[in-house]
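The values are calculated or read from the model by the stated rules, or taken from the named source; none is laboratory data. Values in this document were obtained by computation on a predicted structure and should not be read as measured data. Ideal geometry is used to build each Cβ from the backbone, glycine not excepted, and the neighbour counts take in all protein chains shown. Ligands, DNA and RNA are excluded from the accessible area calculation, which covers all protein heavy atoms including side chains. Shrake-Rupley method; radii C 1.70, N 1.55, O 1.52, S 1.80 Å.
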Amino acid sequence: MFDCSSEITEFYKKHVRLAKAQVKDLADYRDKNITRLENGLKNNEDLIPLRHINQGSYAMRTINQHPENDYDIDIGVIFKKDDLIGSQGGDKTALATRKMVLEAVKDERFTKEPELKKNCVRVFYNEGYHLDMPAYRESVNQYGETAIELASTEWINSDPEAVTKW
């Protein structure tokens, strides 16, 4: 039997997996957008998220090469539910929360404006990349259990880290 494992490994490294330099570029885009979001929220006098979480193929380190550089970076933004207060004093709606994130990441340097999607805010880059930024709210119930909800068409129970943990 012929051993072709080295050829397969070489092919995998050259033609399937994303090069480390490209992964670093994606990390830089992620970091710049976290900074852009936080600065935009401060400038708009909105609240700052509790934390951010890497999601999807970036978090799982399974990004594969794409001929048109259509790479998707997913970074979840988690806010404290008690801090998400609407203009009338009640809970901020899921839509209002996504719009808050959208306004915070807008930047005059973008060729294509960030876009409000059903489950996230999408930021586009000329190189073909895009970054999806879903917003979540986190609360703790009377038993000390943490609940996380995704800002979709309404607030939906979610576990944004479940796939990565799995």
Legend entry - Residue match in the stretch 5-25 (condition: at pLDDT 80 or above and of a type in the set (A, V, I, L, M, F, W, C)): no
Legend entry - Residues (surrounded by fewer than 14 Cβ atoms within 10 Å (Cβ to Cβ) and assigned to a strand (DSSP E or B)) located in the stretch 30-59: Arg51
Legend entry - Ser87 being modelled with pLDDT under 85, open to solvent by 80 Å² or more (accessible area, probe 1.4 Å) and out of contact with any Gly (no Cβ under 8 Å at 6 or more places or on another chain): yes
Inset, instruction - Would you point out which residue out of Tyr129, Tyr125 is under 14 Å from the mean Cα position of the chain (by Cα) and in contact (Cβ under 8 Å) with a residue 40 or more places away in the chain? - result: Tyr129
Legend entry - Test for Val105: is it out of contact with any Pro (no Cβ under 8 Å at 6 or more places or on another chain) and under 20 Å from Asp83 (Cα atoms): no
Legend entry - Which numbered condition Ile78 fails, given (1) in contact (Cβ under 8 Å) with a residue 60 or more places away in the chain; (2) part of a loop (DSSP other than H, G, I, E, B); (3) hydrophobic (A, V, I, L, M, F, W, C): (2)
